[in-house]
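Comments concern the structure below.
Every number here is computed from the coordinates shown, using simple stated rules; none is lab data. Quantities reported herein were computed from a predicted structural model and do not represent experimental measurements. No Cβ is skipped: glycine too gets one built from the backbone with ideal geometry, and neighbour counts run over all protein chains shown.
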Amino acid sequence: MAEPTGLRDGNVSRGGGSGELRQSNLTAILRYLRDHGPSSRHDTARGCGLGVSTMTDLVGDLRSRRLVAELDPIRRPGAGRPTRPIALDGEPWCVMGVHVEVDRVHVQGSTVGGTELWQDTLSAVFADDHDGALVLADAIASQLSRVPEGHQLVAVEIAVPGYVGLDGTSVTSRALGWDGAGVGKAVRAALGETGLTDVSVGISSDFHLAGLYAARVLLSDPATTVAAYFGGLSEVGSALVVNGEIFRGAGGGAGDLAHLHVQADGPECWCGRLGCLNSVLRVQELLARAGLRDAEQAAELVVTDPEQAVSLLVEGARDGDAGVLAALEQAGSSLGRAVDDVLGSVNPHAVILGGYLGRLAPFLMPALDRQLRARVHEGPYADTQILVTDQDPPVTAGAVLAARDACLYDPLALTTPLR
Ligand SMILES: [Zn+2]
């Protein structure tokens, strides 16, 4: 089984041994079908730069693994022989997307092909006196009974509210009280005890996965698009998604736009910085600045009922409350400064505002637009799209996508021929 690394962009390098080349060609076909849907063999071969005979051999291999299916023939008027399109299959293979929160774990089971199998939410105590990694590993192992008969688990992706270590398996999270918790090791051991020794176990920051999902769903052609994502439930999280993949950078920490410096003397963030984007944009700060709650009440409300906390701001703004409008104007300006810097450093096709930033977007956009004026007058940035979605950050769904990808990117190690 391939060990997860800090840099997993799905591009297996070409030109190694023949095994490596084969793996890379198989993955190219699977990615093409994932990104384009059912396609003719001709289009798939051309899109992947493969010859006809190589294509026949590789598709035969993928069909034997039930990763690709041949669909019913399509007859085109005037064309010769009817052609049979091919499509992603993956139905016998099961993956698990896991989202770890402070006091609970969300799990979603799916086939590699994308059919949802089950959803569950487990309460879990990750307090300091427990070994959090073991608690999580037990929670994941308890879900194995949900894998339906005839399906085999091949990949698990775990979304954590924190940073993943350079080894790709340890997690540091202030929210969970984890300092280098050995999550990957514990989960592999728990799966291994049940005989599952070849399951891919990936770990990512929760907002990387939320950004991945948002980019794949919202962008018209994610495979050729660069996107920056900002979202959150009550605090800002962020990601960069390049050509449909999380951009992780040298150590897995790229896309941490939520903690860009936007104010020299701003409030203190949990990250330790003064005046980072999250410190001035998080919901508790906005509630207090708008005069809707004092600092203590605001801090409590975002924990007990984050949705209600955001609703107070939305309703206040709709009612024309001067304090709320001023707070959101200032917030839009701060977000605009951060977005301006991101446009200059990354030049994305799109900036996605999701989660509570999506809900507040109508009131943030005027000030945000003003901050971008100097930028979008310049040619390279003129076509930048700002996309808004007010759905909760889709972290579990993003983890499912990443787990399905793990199988597409390593089909030879994670699946076996079935016929
Ligand atoms: Zn911060």
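Using only the Cα atoms of region 18-88, construct the convex hull and provide its projected area averaged over every direction, in square nanometres to one decimal.
Answer in nm², one decimal: 4.8.
Could you give the distance between the Cα centres of region 42-74 and region 108-138, to the whole Å?
Result: 35 Å between the Cα centres.
Can you give the angle from 0 to 90° between the axis of helix 355-376 and the longest principal axis of the chain, with both taken from C-alpha atoms, to the nearest 10?
Long axis of 355-376 versus the principal axis of the chain: about 80 degrees.
By its C-alpha gyration tensor, with a ≥ b ≥ c as the square roots of the eigenvalues, how is region 94-238 shaped: rounded for a/c under 1.5, else prolate for a/b larger than b/c, else oblate?
It comes out oblate by the Cα gyration axes.
What whole number of Å gives the distance from the Cα centroid of region 247-310 to the Cα centroid of region 326-394?
When both Cα centres are located, 17 Å separates them.
Among LEU240, LEU212, LEU134, whose mean-square fluctuation peaks in a Gaussian network model of the chain (Cα, cutoff 10 Å)?
Top of the fluctuation ranking is LEU134.
GLU91 label point, 7 Å along Cα→Cβ, cut-off 17 Å on backbone N: hits in region 390-419?
Of the residues in region 390-419, 418-419 have backbone N under 17 Å from the label point off GLU91.
Figure the gain on full extension for GLU315 and LEU166 (residue separation times 0.36 nm, minus the Cα-Cα span) and round it to one decimal in nm.
Between GLU315 and LEU166, full extension yields 49.3 nm more.
Taking the Cα centre of the chain as the origin and placing charges on Cβ (Lys, Arg +1; Asp, Glu -1), which of VAL154, GLY192, PRO85 is farthest toward the positive end of the dipole?
Of the listed residues, the answer is PRO85.
Give me the compactness ratio for the chain, meaning the Cα radius of gyration over 2.2 N^0.38 Å.
The reported ratio for this selection is 1.05.
Which one of THR396, THR194, THR111 has the biggest mean-square fluctuation once the chain is modelled by GNM with Cα springs under 10 Å?
The residue with the greatest mean-square fluctuation here is THR194.
Tell me the angle of helix 18-36 to the major Cα principal axis of the chain, expressed in degrees between 0 and 90 and rounded to the nearest ten.
Value to nearest ten degrees: 60.
How much of the DSSP bridge set in region 78-162 is antiparallel, in percent, rounded to the nearest 5?
If I count the DSSP bridges inside region 78-162, around 65 percent turn out antiparallel.
On a full-extension model of 0.36 nm per residue, what is the gain between ALA250 and ASP72, subtracting their alpha-carbon distance, rounded to one decimal in nm? Intermediate values should be presented prior to the final figure.
On the way: separation 178, 0.36 × 178 = 64.08 nm, distance 4.48 nm.
Computed gain between ALA250 and ASP72 is 59.6 nm.
Against the longest alpha carbon principal axis of the chain, how many degrees, from 0 to 90 and to the nearest 10, is the axis of helix 322-346 turned?
That works out to roughly 40 degrees.
Add -39500 (n - 2.57) for each DSSP H run of 4 or more in the chain, then divide by its residues: what number comes out at 222 nm, to the nearest 500 deg cm²/dmol? Present the calculation step by step, with values, prior to reporting the outcome.
Values: 14 runs with 175 residues, N = 419.
My calculation for the chain gives -13000 deg cm²/dmol from helical runs alone.
Under a plain spin-label model, where a point goes 7 Å from the Cα along Cα-to-Cβ, how far apart in nm are THR121 and LEU144?
About 2.7 nm, to one decimal.
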